[in-house]
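Notes to accompany the following structure.
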Amino acid sequence: MSSKNPSAVGTAQTSVARVTDGSIPTIYVPNVAHTYTSSLFHCVFSTKQRMHILRDPQGLWRYVAGICKAKQIVLVTAGGTTNHVHLLIDLHPSTPLSKALQEIKGNSSRWLNESQRFAWQEGYGAFSVSQSQRAAVIRYIDNQEEHHRKRSFEEEFVALLRKCGMSCDPKYVFG
């Protein structure tokens, strides 16, 4: 291959075509030298059977902050009640969301089991968050205690799913 061929190994391309549906003209995006991402996720998970057994939610949030620091996950904020947790995390592009939640739930479960019999629910909810909504999500997570005076976790979770356009049947969401 000649060095003028844009697909030749070791040659730099000046731009990359963006995939379109064909009705929109092809736009070329210049290559960038570095990777820049914003991968904010609002993550929600509860105790098994949504039992109110988190004795020290704030202590748990501090422990989760330590897990996140050790696993290079940016924890923006944490909140919740005695039966569930909300996290706003910002993930590195090489960290899959499922791996991050596996680390957080697994390590926190082991820690909680040191003082009581404990298990998290299977699965979680994770919702992408734009930078323009970051402050609103932080406020939402920080005000969980007040929020749950009016609405149960189950009602909140189903509302989050619906707000994000996910169809669900509540009788199957919680097992």
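For the reader, a short list of remarks on this structure follows.
- The condition (being under 22 Å from Gly165 (Cα atoms) and aliphatic (A, V, I, L, M)) is satisfied by just one residue among Ile53, Ile73, Ile89: Ile89.
- Qualifying residues in segment 68-99 (those that are closer than 26 Å to Ser152 by Cα and small (Gly, Ala, Ser)) - the one surrounded by the fewest Cβ atoms within 10 Å (Cβ to Cβ): Ser98
- Filter result for Ser108 (modelled with pLDDT under 95 and either closer than 18 Å to Leu60 by Cβ or touching a Ser or Thr at 6+ places or on another chain (Cβ under 9 Å) (or both)): no
- Some residue of segment 112-135 being over 14 Å from Thr47 (Cα atoms), surrounded by fewer than 12 Cβ atoms within 10 Å (Cβ to Cβ) and of a type in the set (D, E, K, R): yes
- Qualifying positions in segment 37-53 - in contact (Cβ under 8 Å) with a residue 40 or more places away in the chain, assigned to a loop (DSSP other than H, G, I, E, B) and closer than 20 Å to Ser152 by Cα: Ile53
- Near pairs, Cβ below 6 angstrom, 6+ apart or cross-chain, from segment 82-108 (more than 16 Å from Lys48 (Cα to Cα)) to any residue that is among the hydroxyl-bearing types (Ser, Thr, Tyr) and assigned to a strand (DSSP E or B): Leu88/Thr77
- Residue among Gly22, Gly79 that alone is part of a loop (DSSP other than H, G, I, E, B), modelled with pLDDT under 95 and over 12 Å from the mean Cα position of the chain (by Cα): Gly22
- Residue within segment 145-166 that is within 23 Å of Leu40 (Cα to Cα) and of a type in the set (Gly, Ala, Ser) present: yes
- Boolean, Leu87 is out of contact with any helix residue (DSSP H, G or I) (no Cβ under 6 Å at 6 or more places or on another chain) and either at negative phi or not in a strand (DSSP E or B) (or both): yes
- Long-range neighbours under 6 Å by Cβ, at least six apart or interchain, first residue more than 14 Å from Lys163 (Cα to Cα) within segment 123-152, second outside any helix (DSSP H, G or I) and among the aromatic types (Phe, Trp, Tyr): Tyr124/Phe45
The values are calculated or read from the model by the stated rules, or taken from the named source; none is laboratory data. Note that the structure is predicted; figures quoted are calculated from it, not measured. For neighbour counting, all protein chains shown are included, and Cβ atoms are generated from backbone atoms with ideal geometry for every residue, glycine included.
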